[in-house]
Amino acid sequence: MLRIHFTTEDLLKTRVASSPDLMWELVLSVFRLRRRLAVARYESWYQQVRADASRSDLLPRIRLMLMPMIPASGYFPDFLTPESLRHQGSESIIETVAGSPRDVLRGQLGPLGRGHGSAWLRRLHEADPEARADLRQLLWDYQRIALAPHWNAIRNSVEADRAVRTRALLDSGVQGLLDSYRPLMRWTPPVLEVRYSVDQTLHLDGRGLLLVPSHFCQGTANSLADQTLPPVLVYPAGSDRTAAPVTLRALGRLMGDTRASILIATGIATTSGELARRVGVSTATVSHHLSALRAAGLLSTSQQGELVLHTRTRAGSDLVNAARMATT
């Protein structure tokens, strides 16, 4: 259990990340790549990454370098997930991670243990230039195979979760936002109790908290080991349980004012009943159109407590924005 203590200032500074975090997704996807930790949601991703990585020497490098640095459970180094760079490009982020100062490498790789992992990891602990170059190439190759081809799915998962949190915030303020994370988290002011791998207490002390939804996060939340760093809490983004493959046939069914109105209305997470009232049709009619929009990959449906909420995917938002530009 992680107990996060808030002040009034912390509540004012609490926010939800606007996009996926490359390095958190990379680190957490390594957990999913371990076969014994894989679940159905990641099965097709797992099979494709294993197949693509096995065509080169990437799979052995993942086993010998990446997995020892990111063990199956417990501690992994904070320098792998630098918050200050999350809005920069992947090349810049990877370059900074691989170029971490020698004292950071020693301090954060040290807790893994001198006898833990590979000889390469021990060389990285000593900031060996060749080991740094290996890390840079490994991270670049891994994100190219394991993340880049799947980034739309990752982004849609994160954006759908953010839409749910935005609704909770608009309806009930920060208290409602924090309450929306049940059962993973329990908000008992001024403490947020979070399902976590170890027992730990974090005092925000006026710094606020960045909540980061993650596609590859599963089961429990994650945070930084060093509590002097800006506080971050990474949690599992809600999955779309009803998503269907995108097909040309499904896209062809998207003509008509009713579906366009529904797509426009789902810029913020919305229930079927609310959509029916807003668009002026029956709930059954809304349900029919929602199915078509999901099949086309334009809309995502997730459950938040007793509410079933619908929100546009990135593709849906792109379509709405394109239509708006065409009429201006």
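The numbers here are math on the coordinates, done by the rules we state, and not lab data. Since the model is a prediction, treat every value here as computed from it, not as a measurement. With ideal geometry, Cβ positions are generated from the backbone for all residues, glycine too; neighbour counts draw on all protein chains shown.
Calculated on the Cα set of the range 128-218, radius of gyration then Dmax: 17.8, 53 Å.
P(r) tail, the range 251-306: Cα-Cα pairs separated by more than 17 Å, 29% of all pairs.
Taking K and R as +1 and D and E as -1, what net charge do the other residues with C-beta under 13 Å from the C-beta of MET185 add up to? Result for the neighbourhood of MET185: +3.
Shown for TRP187, TRP24: other C-beta atoms within 10 Å of each C-beta, ranked fewest to most, produce the order TRP187, TRP24.
Ranked by how many other Cβ atoms sit within 10 Å of their own Cβ, fewest first, the residues GLU306, GLU91 fall in the order GLU306, GLU91. What translational diffusion coefficient, in µm²/s and rounded to a whole number, does the Stokes-Einstein relation yield for the range 171-215 at 25 °C and a viscosity of 0.890 mPa s, taking the hydrodynamic radius as the Kirkwood radius over Cα pairs? The estimated diffusion coefficient comes to 207 µm²/s. Using alpha-carbon positions, what is the distance between the centroids of the range 67-112 and the range 168-210, in Å? About 26 Å separates the Cα centre of the range 67-112 from the one of the range 168-210.
Contact order for the range 63-176, expressed relative to its length and based on alpha carbon pairs under 8 Å spaced 6+ residues apart, stands at 26 percent. For the range 71-156, the list of trypsin sites (Lys or Arg not before Pro) that fall in a loop by DSSP and count at most 14 other C-beta atoms within 10 angstrom reads ARG114.
When only the Cβ of Lys, Arg, Asp and Glu is charged (+1, +1, -1, -1), the dipole of the chain relative to its Cα centre reaches about 860 debye.
Using the charge dipole of the chain (Lys, Arg: +1 at Cβ; Asp, Glu: -1 at Cβ; taken about the Cα centre), state which of VAL198, ALA276, THR7 has its Cα farthest towards the positive end. The residue sitting most towards the positive pole is ALA276. Taken over the C-alpha atoms, the range 22-151 has Rg and Dmax values of 14.1, 40 angstrom.
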